[in-house]
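The structure appears below as structure tokens.
What follows draws every value from the coordinates through simple rules; no lab data is involved. This is a predicted model, so every value here is computed, not measured. Cβ placement follows ideal geometry from the backbone for every residue including glycine, while neighbour counts extend to all protein chains displayed.
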């Protein structure tokens, strides 16, 4: 029996004790956004540090101005890449509590009607269950072979769910210690419950808020209607002009830096059998919007967007109040892809808005911080090795997919530490992260542990 087969056998034999440890971590109320839970956040960091030290890492809790970080090293000069594994131990608040079917911090296993076993608790999928798949893989490897196949550094954060305010200063202060050859990030999902995936594209984002002002006060619509400028109409015209009849964004230069996906990757996506009807049907819709000449998967993975997140102005109470408002507001975000420049996109938007403002009106902009998109080289050796490891475990090819959202830490690793990231996670769309009754499939946990063991083995060239 090969060493990797022995490691996998140990993982399966010790699944119950792995679950016990996960449950111990899930019981800790590490809600980072609420100051009342600062103690439990530190408790979770200390728990993880003890676990890492217990399996042979040199680990410590690092204090920050916010919640602490956990850093661990297992280095013996092994050939192959030195990898940095990242996860976060903090969780979202549990509100509304009355919608939970069980205590969110009393984890348990529930068997669904179809026989699927799920772990139910806050943090089960986001991100305690995910990060523990890697810890348990490392535990099994060290216990079975005496070491890991590659050198590993671990970084666990405690503020991901509250904006990571301490992360940038921490990375900057510990740049030399944390800079590795490759980052491994687990805060992602599979394609479906039986098909693993590697995320290779993350959209960036930039936003803006506008306040359009006209008259010095709200006006009586009978006295001034039809003569005075109405800021609601101005904002509506701005929004209406953002897209043309084919769904393309009209801002000058908006598509500068957008990169086409290789044909072989598009063909891979076609084979996934994605159904726009099912995707939209789950939310009560039918018909895709966006650029007419693009597929729905392209819309959400590889194409930029311009969205209105909120708009308001004038009277919004019960009944009617016949006024022309003095001002109107709207919030916008732009999801970015390829090499789009967030600041250029924002400037193009602002120039467009100014062109729509009548000369006796004004506009104020409230800036939102932007970040560029990220993409992994499809031909990166780590991607190929990750695909092989996942196919060996799941028996299916692991497609290279995009993500409609962003994972800021991946950009930080690239820009601050010069590392590419291999994004492999075992979450599912129905895990209800950030919602009541969050869950993580037991299969995701067990095969996630086995998958990370295989990934480490492949990265070592074994």
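The figures follow:
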quantity	calculated
Distance from region 18-57 to region 356-375 (C-alpha centre basis), Å	41 Å
Extension gain (nm, one decimal) between residue 73 and residue 430, 0.36 nm per residue minus Cα-Cα	125.1 nm
Scattering curve values for region 374-462, log₁₀ I(q)/I(0), Debye with Cα scatterers, q = 0.12, 0.14, 0.22 Å⁻¹	-0.44, -0.60, -1.25
For region 207-323: rounded, prolate or oblate by the Cα gyration tensor [a/c cutoff 1.5]	prolate
Two-site label geometry, residue 142 and residue 360: point separation in nm, points 7 Å out along Cα→Cβ	7.4 nm
Value in Å of the Kirkwood radius, where region 1-136 supplies the Cα pairs that are averaged	16.6 Å
Projected label distance in nm at residue 218 and residue 378, using a 7 Å step from Cα toward the beta-carbon	5.5 nm
Rounded to 10°, Cα long-axis angle of helix 442-459 versus longest principal axis of the chain	70 degrees
Angle in degrees between helix 3-13 and the longest Cα principal axis of the chain, rounded to the nearest 10	80 degrees
Cβ-derived FRET efficiency at R0 45 Å, residue 271 paired with residue 312, nearest 0.05	0.55
FRET E, pair residue 103, residue 292, Förster distance 45 Å, beta-carbon r, rounded to 0.05	0.40
Using alpha-carbon coordinates, inclination of helix 342-355 to the longest axis of the chain, degrees	10 degrees
Label-to-label distance, nm, for residues given as residue 343 and residue 58 (7 Å Cα→Cβ offset)	4.1 nm
The chain - share of DSSP beta bridges that are antiparallel (%, nearest 5)	70 percent
Per residue convex hull volume, Cα atoms of region 317-403, in Å³	189 Å³
Gyration tensor (Cα) of region 282-349, equivalent ellipsoid semi-axes in angstrom	32, 20, 8
